[in-house]
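Read the structure below first, then the notes.
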Amino acid sequence: MLENAASRYCVPEISFNSKEWIIEGKKILEVRIRKGDNPPHKAPGPTGKMRAYVRVNDQNILANGVRMKIWQKLNNNSDVKLVYSDDTKKLLDLFNHHENLTLSQINSEMQLSKFKTENLLSKLVVMNVLKMTDCEFDATFEPNDPDKTGY
């Protein structure tokens, strides 16, 4: 049944291992799903439309626009170009005053279109300038540690 669902509803198809356990007379199914090599992985959402999800702790949450743009840029295999504009400077300056910021806070502070903010953030994440952490309700961003990235 799981194999059928994985091949029928997941794009691209996911691979997994399962093991059945009997604990206190109850049948428990353990399913281990390896991280995919080529995200995004999509499955039907509540309306039946294919949606991309990201794993956060023990939950699958809908991938936000920044995450989708990051995946698109990484899968595109082309150079990411960033112009050091006033918007870029303003965004980076926010991190001089805050250790980390949520996507909602950045949108509020930047007062740019959602598309422009997502595009700018995705470029900075792909270039390892910022680190993005997916959370249940909002993504957070923080400057990448230069010692870890080599910059």
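The values are calculated or read from the model by the stated rules, or taken from the named source; none is laboratory data. This one's a predicted model, so the numbers in the text were calculated from it and none came from an experiment. Ideal geometry is used to build each Cβ from the backbone, glycine not excepted, and the neighbour counts take in all protein chains shown.
Take segment 53-79 and flag every residue that is among the charged types (D, E, K, R) and surrounded by 14 or more Cβ atoms within 10 Å (Cβ to Cβ).
Across segment 53-79, the qualifying residues are R67, K69, K73.
Just to be sure I understand the filter: pairs with C-beta atoms under 8 Å, separated by 6 or more residues or on different chains, first member in segment 124-150 and on the phi > 0 side of the Ramachandran plot, second member part of a loop (DSSP other than H, G, I, E, B) and at pLDDT below 95. Which pairs pass?
N128/N144; N128/Y151
Look at R55 and say whether it is closer than 26 Å to Y9 by Cα and modelled with pLDDT of 95 or more.
Spelling it out, it is not the case that R55 is closer than 26 Å to Y9 by Cα and modelled with pLDDT of 95 or more.
Please work out which one of (1) farther than 24 Å from G45 by Cβ; (2) within 18 Å of the chain's Cα centre (by Cα) is the condition M68 fails and give its number.
(1)
Just name the residue that is modelled with the lowest pLDDT out of those in segment 58-96 that are among the β-branched types (V, I, T) and either in a strand (DSSP E or B) or within 19 Å of P12 (Cβ to Cβ) (or both).
I61
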